[in-house]
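S.K.: Before anything else, here's the structure in question.
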Amino acid sequence: MNLWRNPRQPEKFCVTIGLTALMITHKSDEFKLIQRPLNASYAADIKHRYQPARLEDFPLISTMISLLFPWIPLHNSSTSVSPGDN
């Protein structure tokens, strides 16, 4: 699992988990979630528009991810966004 943050729109994040990309918009206390399949084209787009971020630096997003995916350990193992990478 990797966390990515859009430097031009700091309220927008992306979490890549296996073959899934979870797009997150976080404004104030409101979250908007969009789940998309992670293919090679979309992975390249994420890598181009977003920068790697540390999940530990965003406690609200970290908590939300642990509630949605309690079986996945919360850590950034790499900055790869190839389909299937965790």
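S.K.: Got a number for the accessible area of residue 68? Probe 1.4 Å, square angstrom, nearest 10.
M.R.: Here the accessible area works out near 80 Å².
S.K.: Along the Cα-to-Cβ line of residue 66, 7 Å from the Cα, sits a label point; which residues in region 1-41 have backbone N less than 17 Å from it?
M.R.: 1-3
S.K.: Any idea of residue 30's accessible area? Nearest 10 Å², probe 1.4 Å.
M.R.: Here the accessible area works out near 120 Å².
S.K.: Then there is this: So what is the accessible area of region 1-51 per residue, in Å², with the probe set to 1.4 Å?
M.R.: Per residue, region 1-51 has 59 Å² of solvent-accessible surface.
S.K.: Among the trypsin sites (Lys or Arg not before Pro) within region 17-67, which fall in a DSSP loop and have no more than 15 other Cβ atoms within 10 Å of their own Cβ?
M.R.: Working: sites: 27, 32, 47, 49, 54; in loops: 54.
Here the trypsin sites (Lys or Arg not before Pro) that fit, given the DSSP loop and packing criteria, are 54.
S.K.: Could you calculate the contour length gain from residue 20 to residue 44, that is, 0.36 nm times the residue separation minus the distance between their Cα atoms, to one decimal place in nm? Don't skip to the answer; put the middle values down first.
M.R.: Values: separation 24, 0.36 × 24 = 8.64 nm, distance 1.37 nm.
That works out to 7.3 nm of additional length.
The values are calculated or read from the model by the stated rules, or taken from the named source; none is laboratory data. None of the values given here were measured: they were computed from a predicted structure. Neighbour counts are summed over all protein chains in view; Cβ atoms, including those assigned to glycine, are modelled from backbone coordinates with ideal geometry. Side chains included, ligands, DNA and RNA excluded: accessible areas come from the protein's heavy atoms. Shrake-Rupley method; radii C 1.70, N 1.55, O 1.52, S 1.80 Å.
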